[in-house]
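Colleague: To start, I am sharing the structure in question, which I have written as structure tokens.
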Amino acid sequence: MDLRERYIETNGIKLHVMESGPKDGPMILFLHGFPEFWYAWRKQLPYFASKGYLVVAPDQRGYNLSDKPEGISAYKIDELAKDIIGLLDAYGRKQIFLVGHDWGASVSWWVTLKYPERIQKLVILNVPHPKVMAKNVFTNVEQMKKSWYIFYFQLPGAVDKLAASTNYEWALNMITSSANPGAFTPAELEEYRKAFAQPGAFTAMVNWYRAMIQTKQEPPKSFDVTVPMILMWGENDVAMLTEMADKSMAYCKQGKLIKFPKVSHWIQHEAADQVNALIEEFFTQAK
Amino acid sequence: MGNLIMTMNTYKITVGRGTFNVRDRGNKDGFPVVMLHGWPESSYCWEAVADFLNPSLRVIAPDLRGLGDSERTVDINAYQKAELAKDIVEVLDALQVDTFFLVGHDWGGIVAQEVALLVPQRVKKFVIMNIPVITNVQGSLEAMKVTQSRGSFFLWYQYFQQQPRLPEAMIKGNEDVWVRHFFGKEGRKGIISPEAIAEYVRCYSIENTPATAASYYRTMRLDTARWTTLGGRKFSMPTLYIYGNEDTVIIPENLNHIEDCFDSIKIEHIKAGHFVQEEKPKEVAALMNEFF
């Protein structure tokens, strides 16, 4: 893979970024989720680079080789969104294509809601609209059975120490046990283990969940998504109920929902060919 | 409770079903009151109440299997509540206790109900505290509806503990934070004594406890399958339900229709949270003294 490695200043911190493709190509920004890092997009970056796009995949704040500011409030979603806007500025781009998965999808929704003028088109993978997410995580009993870990992570030290003491085995297990067989090879999982072991990374990663519950968001003017978007959804997701995907579309004025019946939460890994082709088709459409 | 009088001795007793730790006032001529604690506690939770209970009563408070200082059985089936009830009956047999008053709080309240169904003629009076009544199908449904409309995120710890492997991996080494969390602001303010919480942390730190304690939740599916077959069974002995009415997990709707489940039931509210016997030991003991 022909990747360039960079460190970029944004919003007062430094993000570690991998990029590929022509520097003057249309830019796609890929935002990974928990507990991944830029490597979540290993099956997307070469594909889109070869099609002439400038593809950019940061380690988000707290992850892998990016800065890990102290404290919980450093990880509130408004800060995470500002990191992304700062990245766009650093690249000198007014508008980009944005693709996000899991927590990266939550950030992508938030960036699009707060800075719609900066996003040309949006692709969301397996995360509902923020309004749907908030409502269901707290009130839907069936969803609760899937989101207990969000609340477990609130406990101080909940996973921070333990993650290291077990050499991150359970975190890797959390990935593989929720994925279809073969989605992650043993060699790939070793790359995740290395990223978890970066000093302070696991605490920072879990702080995303703590900030979600323990800090107040600065809401956008409107919760309607006006830019063209696609929501792709692996229906065999152990963390998210599919009904949340359907409910999300009410907020999307130019949205399309595509469901993948047998695919798990790890959609861009398991259905890479299909996902890549659909995204490419979407981005090349005139509107 | 700044100055607890430690009125009870503890000892281990080995019976056919296992080895259990027991707190006992030791006055063998006193009429026995058997008190069963809940999660994440131990029989220590009865110390303060015992201080205020009629001295002529003999308090016997075993630690339930997998908790306190009782044995850490790995086999999950042993934690079905009907099985835990058999543990208690066998311990009482070994102590040559025939008839007794029975008290249960939280999971101990469920085990106590199973004891009361198992040996009803031996349970002369029954006190239940802050736990659903297992034969109360209608009340449980109504409570579930309210919980669903209000949001059930506070039940996360139950789903967490039902996960395979994770409680074992995650709680170990972080027992203090884990146990303390469930005593909330009452724990932080010292309304539930720091000594008590330290004791529960000590017990939870015993090898395998994250697994054995989680077994109480992992067997819930088996338990509820059994309880749905109990519809219409009534508890025959006079019963007092003491409800700490600021409990967020056991809500007032859990008490709806409760009178249909007992031949004789009295309900008393106390302004307290879930751990009512530790928040208001004097009031709880006064109600028990009057009832017994």
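Colleague: If you wrap a convex hull around the C-alpha atoms of segment A:4-284 and split its volume per residue, what is the figure in Å³?
Modeller: Hull volume over Cα atoms, normalised by residue count, gives 118 Å³.
Colleague: Over segment A:4-284, what is the percentage of antiparallel beta bridges among all DSSP beta bridges, to the nearest 5?
Modeller: So the antiparallel bridges amount to about 30 percent of the total.
Colleague: What net charge is computed for the residues neighbouring A:Phe151, neighbours being all others with C-beta under 14 Å from the C-beta of A:Phe151, Lys and Arg scored +1, Asp and Glu -1?
Modeller: After counting each charged neighbour, the total is +3.
Colleague: Which value results when the Cα radius of gyration for the protein assembly as shown is divided by 2.2 N^0.38 Å?
Modeller: My calculation over the Cα atoms of the protein assembly as shown gives 1.13.
Colleague: Could you order peptides A:25-35, B:119-129 by the average number of other Cβ atoms within 10 Å of their residues, highest first?
Modeller: A:25-35, B:119-129
Colleague: How big is the dipole moment of the protein assembly as shown about its Cα centre under a simple scheme where the beta carbon of each Lys and Arg is +1, that of each Asp and Glu is -1, and everything else is neutral? Debye, nearest 20, please.
Modeller: The calculation lands at about 1080 debye.
Colleague: If each DSSP helix of 4+ residues adds -39,500 (n - 2.57) and the sum is divided by the residues in chain A, what number results at 222 nm, nearest 500 deg cm²/dmol?
Modeller: -12000 deg cm²/dmol
Colleague: Okay, moving on. Of all beta bridges DSSP finds with both residues in the protein assembly as shown, what is the antiparallel percent, to the nearest 5?
Modeller: Of the beta bridges lying entirely in the protein assembly as shown, close to 30 percent run antiparallel.
Colleague: Compute and list, largest first, the equivalent-ellipsoid semi-axes of chain B from the alpha carbon gyration tensor, each √(5λ) rounded to a whole angstrom.
Modeller: Equivalent ellipsoid of chain B: 24, 23, 20 Å, largest first.
Colleague: Could you state the number of Å between the C-alpha centres of segment A:91-120 and segment B:85-153?
Modeller: Taking the Cα centre of each part, segment B:85-153 and segment A:91-120 sit 54 Å apart.
Colleague: Among all stretches of chain B without exposed GluC sites (Glu not before Pro) (DSSP loop, at most 14 other Cβ atoms within 10 Å), which one is longest?
Modeller: B:1-206
Colleague: What does the net charge come to around A:Gly71 if you take all other residues with beta carbon closer than 14 Å to its beta carbon, with K and R at +1 and D and E at -1?
Modeller: 0
Colleague: Given charges of +1 on the Cβ of Lys and Arg and -1 on the Cβ of Asp and Glu, with all other atoms neutral, how large is the dipole of segment A:4-284 about its Cα centre, in debye to the nearest 20?
Modeller: Roughly 520 debye, rounded to the nearest 20.
Colleague: Here's a follow-up. Taking K and R as +1 and D and E as -1, what net charge do the other residues with C-beta under 14 Å from the C-beta of B:Gly18 add up to?
Modeller: In short, -3.
Colleague: For A:Ser66, B:Ser56, what's the fewest-to-most ordering of other Cβ within 10 Å of each Cβ?
Modeller: So the ranking, lowest neighbour count to highest, is B:Ser56, A:Ser66.
Colleague: State to the nearest 20 debye the size of the charge dipole of segment B:154-292 about its Cα centre, where the only charges are +1 on K and R beta carbons and -1 on D and E beta carbons.
Modeller: 360
Colleague: Can you compute the helix-only [θ] at 222 nm over chain B? Use -39500 (n - 2.57) per DSSP H run of at least 4 residues, normalise by all residues, nearest 500 deg cm²/dmol.
Modeller: After summing the helix terms and dividing by residue count, I get -11000 deg cm²/dmol.
Colleague: Select from chain B the helices, each a whole stretch of DSSP H, whose alpha-carbon atoms run 18 Å or more along the helix axis and whose Kyte-Doolittle mean is at least -0.5; answer none if there are none.
Modeller: TM-like helix candidates: B:81-94, B:137-150.
Colleague: Let me ask something additional. Express as a percent, rounded to the nearest 5, the fraction of DSSP beta bridges in chain B (both residues included) that run antiparallel.
Modeller: 30
Colleague: Given a Förster distance of 45 Å, report the FRET efficiency between B:Ala225 and B:Phe52 from their Cβ-Cβ distance, rounded to the nearest 0.05.
Modeller: It comes to 0.70.
Colleague: Once the piece of chain linking A:Asp273 and A:Gln214 is laid out straight, how much longer is it, given 0.36 nm per residue of separation minus the C-alpha distance between them?
Modeller: Extra length from A:Asp273 to A:Gln214 when fully extended: 17.4 nm.
Colleague: Find which of B:Thr212, B:Val146, B:Phe31 sits farthest along the positive direction of the dipole of chain B, computed with +1 on the beta-carbon of Lys and Arg, -1 on that of Asp and Glu, about the Cα centre.
Modeller: Of B:Thr212, B:Val146, B:Phe31, it is B:Val146.
Colleague: OK, next. For chain B, what does the relative contact order come out to in percent, with C-alpha contacts under 8 Å and a separation of six or more?
Modeller: After rounding, I find 22 percent.
Colleague: Let me ask something else about it. Which pairs, out of A:Lys216/A:Lys259; A:Lys114/B:Lys145; A:Lys145/B:Lys81, put more than 27 Å between their alpha-carbon atoms?
Modeller: Where the Cα-Cα span goes over 27 Å, the pairs concerned are A:Lys216/A:Lys259; A:Lys114/B:Lys145.
Colleague: If the reach is capped at under 16 angstrom between alpha carbons, list the lysines near A:Lys146, excluding any in the same chain fewer than eight residues apart.
Modeller: Correct list for A:Lys146: A:Lys135.
Colleague: Then there's this: Taking segment A:1-74, which GluC sites (Glu not before Pro) meet the DSSP loop condition and have no more than 14 other C-beta atoms within 10 Å?
Modeller: Passing sites in segment A:1-74 are A:Glu70.
Colleague: Could you work out the mean count of beta carbons from other protein chains within 10 Å of each residue's beta carbon in A:164-170?
Modeller: Across A:164-170, the average partner-chain Cβ count within 10 Å equals 2.
Every number in this text was worked out from the coordinates using simple rules, so none of it is lab data. Only a predicted model underlies this, so the values are computations on that prediction, with no experimental measurement involved. Please note: Cβ atoms are built from the backbone with ideal geometry, for glycine as well, and neighbour counts cover all protein chains shown.
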